1. Looking at region A:16-129, what helices (runs of 4 or more DSSP H) fall wholly within it and have at least 3 residues that are within 12 Å of chain B (Cβ to nearest Cβ), touching a residue at least 12 places away in the same chain (Cβ under 8 Å) and not hydrophobic (A, V, I, L, M, F, W, C)?
2. With respect to B:Arg177, is the statement that it is open to solvent by 30 Å² or more (accessible area, probe 1.4 Å), part of a helix (DSSP H, G or I), over 23 Å from B:Leu21 (Cβ atoms) and facing chain A (nearest Cβ under 10 Å) true?
3. Consider region B:150-162. How many of its residues are part of a helix (DSSP H, G or I) and either open to solvent by 30 Å² or more (accessible area, probe 1.4 Å) or touching a Ser or Thr at 6+ places or on another chain (Cβ under 9 Å) (or both)?
4. Quick one: is A:Gly126 modelled with pLDDT under 85, under 18 Å from the mean Cα position of the chain (by Cα) and closer than 15 Å to A:Ala242 by Cα?
5. Looking at (1) touching a residue at least 24 places away in the same chain (Cβ under 8 Å); (2) of a type in the set (S, T, N, Q); (3) buried (at least 17 other Cβ atoms within 10 Å of the Cβ), which is the one condition that is false for A:Ser247?
6. Going by what's in this entry, would A:Ile184 be described as in a helix (DSSP H, G or I) and touching a helix residue (DSSP H, G or I) at 6+ places or on another chain (Cβ under 6 Å)?
7. Every residue in region A:178-202 that is acidic (Asp, Glu) and surrounded by fewer than 15 Cβ atoms within 10 Å (Cβ to Cβ), please.
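The values are calculated or read from the model by the stated rules, or taken from the named source; none is laboratory data. Since the structure is predicted, the reported quantities are computational estimates derived from the model, not experimental observations. Virtual Cβ from ideal backbone geometry, glycine too; neighbours counted across all protein chains shown. Surface areas here come from the heavy atoms of the whole protein model, side chains and all, with no ligands, DNA or RNA. Shrake-Rupley method; radii C 1.70, N 1.55, O 1.52, S 1.80 Å.
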Amino acid sequence: MTSLLDTPTAAPDAPAARPERRWRAALGLLPFALYFLVFLGGPLYFVISGAFTDADGRPTLGNLVASLTSPQYLLAFRQSLLLSAVTAVIGAVFGTFLAQAVLTARPRSPLRRIVSTASGVLAYFGGVPLAFAFIAALGQTGLATAWLRSAGLDLYASGFRIDSLTGLALTYVYFQIPLMVILITPALEGLLPQWREAAENLGATAWSYWRLVALPVLAPAFAGATLVLFGNAFAAYATALALTSGSIPLVPTAIASALSGNVLVGQANVGLALGLDMVVVIGIVMVAYLWLQRRAARWSRR
Amino acid sequence: MRRRWRVVVLALAALYFLVPLIASAEFSLRSPGGGHGVANYTRIAEDPVLLSALLTSLRIAVLTAVVVLLLVVPTAVWVRLRFPSLAAVLESATILPIVIPPVVMAAGIAFVQANLGGPVFRALFDSSTSALTPFYVILALPFAYRAVDNGLAAIPLRTLVEAARNLGAGMTTALVRVVLPAIRSAVLGAAFLTLALVLGEIVIARILLYTDTFPIAVVEVGRSAAGVSVALSLASLLLTWVLLLAVSFVGTRRRRTP
């Protein structure tokens, strides 16, 4: 398999085509664009329009105000933002180290294949199996809990719970690291060996090469990938659902319970307003990501 | 010294990533009466609800993979051949489904489901297969696009297509009979990642109240028999991984033989 970790190499330049032929060629992209518009844009449109109407369809700002002022939602936002930021930074740092450790292995070695394929599965699977795996490992009767206890460290006596925010963060990192490996590997592969050789010829140590050459080049790609990780954790809900069955206030949990009318009947539009709030956060993250992506492209080989 | 930090990183990663998997395996092999056995794994064959949920999810997975590939392969080829300048735009667009919360998508869809009638929507929401497949396609697009695009980067695409065209093939023939076989391992990889996604997605299915998919059934059965849940989710995770790993080895072996 051409793995997810391979760098996309530069595409050859398009031949100079006449404008009207280019225009017709653009039709080839239409199915993809339309599909995105209908099945991603459609739901988003109804979230936004629903956020601004009340249960009878009259326009209102009440939902939005409720979603931003009521204490339970503010708490959910604070916890979600904290969880996403912490797991994004941890995942980004460890993911970069892991990706670099794997990259120094031979391209077709079993290690690279295992990490590459496992990253795909784990970044994608998330959710249910992950939650169960962590309950089996670090739950009250979990295997790792038992090992640690026999080694003299009683997690649960010291106040740890797997269905707490800490437990959730520990679980989120499990899918954040693989996603970081997928996202950062192309940028790491873009660090040309010549740069290192040039730095070493000028007398640089490994540390000064990283500090003065590699890290500044990597910085935009690293920051961009960290933002994607943040968005990924902010968006994630399946893991929290399976791990805590909704006992920890997070924004997705609040949306789901508003939609299902667990809290109050007629809260569905507040749920949509919360959805809009999330979309706004994600929008800010995406704008920053795109800006960083343009800076990162300066050093990429395309 | 360089070797040493590598060993430390890999050892830490192995510890962190393997312990939960080993714990799952051990937990899933516990028998209800004490001791160990495979009873939790064989439950899938005896439980008609689980079995039919598995079939439903596999049907959704196959349909999703087909639609994803129909959308992604021609588009990725077309962008590489005619619109290289758009490659960055498409890559950014495919980040969207990673960061747009499934729960928000589900909220929008649920609104449509509850408030809009008409034959089109009734047909769409008729069954879990017809209602979930179109949206799982969106969720599966990011990694599928990346996998296929990386596959295309590794072959001399322009040369292959031009050679096929010169020999009289139409664009469709060139795509199906020349490009597709050349990137089959990337295509299989994308398909198996789609399988992973469908076997793990519970948010949209749950909010839209389609409870007959496999991941939902696995969570449900966990309320009474946790061991079965752990066993089935671990099995689906490992199955997908083994499939991807197999594809990665098959892909290279064929590429080496001339």
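1. Values: elements: A:19-25, A:30-36, A:42-51, A:62-69, A:71-103, A:110-125.
By residue number, A:71-103, A:110-125.
2. On the way: open to solvent by 30 Å² or more (accessible area, probe 1.4 Å): yes; part of a helix (DSSP H, G or I): yes; over 23 Å from B:Leu21 (Cβ atoms): yes; facing chain A (nearest Cβ under 10 Å): no.
No.
3. Pass one, region B:150-162, residues part of a helix (DSSP H, G or I): B:150-153, B:157-162.
This time we only want the ones that are either open to solvent by 30 Å² or more (accessible area, probe 1.4 Å) or touching a Ser or Thr at 6+ places or on another chain (Cβ under 9 Å) (or both), so: B:150-153, B:158-160, B:162.
Of the residues in region B:150-162, 8 are part of a helix (DSSP H, G or I) and either open to solvent by 30 Å² or more (accessible area, probe 1.4 Å) or touching a Ser or Thr at 6+ places or on another chain (Cβ under 9 Å) (or both).
4. Numbers: modelled with pLDDT under 85: yes; under 18 Å from the mean Cα position of the chain (by Cα): yes; closer than 15 Å to A:Ala242 by Cα: yes.
In short, yes.
5. That leaves (3) as the condition not met.
6. On the way: in a helix (DSSP H, G or I): yes; touching a helix residue (DSSP H, G or I) at 6+ places or on another chain (Cβ under 6 Å): yes.
Yes: the conditions hold for A:Ile184.
7. Applying the first criterion (acidic (Asp, Glu)) to region A:178-202 yields A:189, A:197, A:200.
The answer is A:Glu197, A:Glu200.
To keep it simple, each residue is scored yes or no on (1) touching a Leu at 6+ places or on another chain (Cβ under 7 Å); (2) over 26 Å from A:Ser119 (Cα atoms); (3) at pLDDT 85 or above; (4) open to solvent by 30 Å² or more (accessible area, probe 1.4 Å).
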position	(1), (2), (3), (4)
B:Ala164	no, yes, yes, no
B:Ala225	no, yes, no, no
B:Leu244	no, no, no, no
B:Phe249	no, no, no, yes
